[in-house]
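Heads up: the structure comes next, in structure tokens.
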Amino acid sequence: MADFIQQLEWMARILLAGACGGIIGYERESRKKTAGLRTHVIVAVSSALMLILSKYGFQDVTGQYVRVDPSRMAAGAVAAIGFLGSGVIFSRNKNISGITTSAGIWATLGVGMAIGAGMYVIGICTTGIVVLVEIFLGRQGKLSHIIKDVYEIEVEYLQGAGSQISAEIRKELEEVYQCRILKFRTRKRGKNIRLELLVRTARGEELFHLAEYVEKYPEILKISI
């Protein structure tokens, strides 16, 4: 009976870990991220299970002549979660997305392991911290305006346009979009000029309005961000 009650306590840890993972996953799901509610719940539940197995699962075989390292299974879980986390990171048009979700999966693993080890306060508080960071400091978060990202901009225009277009674009970036220009380079490409800029700004989504320059200046052939 004592063993049955003990297993019920361990099962309660697994359920609590799943609930914490679900909270993190729900936030990701609401933002239509690749890894959502189900992924985070499974990661949290399985990590709690692995920690419980690592900590208590070998008590019947350990003794004077048998020794086990209870941290080995936990270390293996931390290493293995990298494969799952890397699977949600994508690179499109020289922009990388999914890093926050990948970090959230890794944090969910830690939450599940903490609760599986019986550290309820640490697991629950970490869940709150992760969710608050994702809500307020994400790209679409309430405090996203203070987070600056780096963007690469390429503008291709006719060679005869001279330096007027490059000067106008730099002025637009600095004055309208509050960009800090990290790199500025022009290269000749056949009969055209390619302007390459690397900028840092918190108003990245607004940079796509630069496409209006294609209509304003017919000399501009292409803008890519």
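Restricted to segment 191-215, and to residues there that are modelled with pLDDT under 75 and more than 30 Å from Leu137 (Cα to Cα), the residue that is surrounded by the fewest Cβ atoms within 10 Å (Cβ to Cβ) is Glu215.
Identify all residues within segment 76-113 that are modelled with pLDDT of 80 or more and either farther than 30 Å from Leu197 by Cβ or loosely packed, with under 14 Cβ neighbours inside 10 Å (or both); write none if there are none. Hits for segment 76-113 are Gly104, Ile105, Trp106, Ala107, Thr108, Leu109, Gly110, Val111, Gly112, Met113. Considering (1) assigned by TED's automatic domain parsing to the domain that holds Lys188; (2) at pLDDT 70 or above; (3) surrounded by fewer than 13 Cβ atoms within 10 Å (Cβ to Cβ), the lone condition that Ile129 does not fulfil carries the number (1). A search for C-beta distances below 6 Å between a residue of segment 188-200 that is in the same structural domain as Glu156 (by TED's automatic domain parsing) and more than 9 Å from Glu152 (Cα to Cα) and any residue that is hydroxyl-bearing (Ser, Thr, Tyr) and surrounded by 20 or more Cβ atoms within 10 Å (Cβ to Cβ), counting only pairs 6+ apart in sequence or on different chains, returns Ile193/Tyr157. In the set (1) surrounded by fewer than 17 Cβ atoms within 10 Å (Cβ to Cβ); (2) at pLDDT 75 or above; (3) not acidic (Asp, Glu), the condition left unmet by Ile146 is number (2).
The values are calculated or read from the model by the stated rules, or taken from the named source; none is laboratory data. What you see is a predicted model, and the numbers here were worked out from it, not measured in a lab. Every residue, glycine as well, gets a Cβ built from its backbone with ideal geometry; the counts of neighbours run over all protein chains shown.
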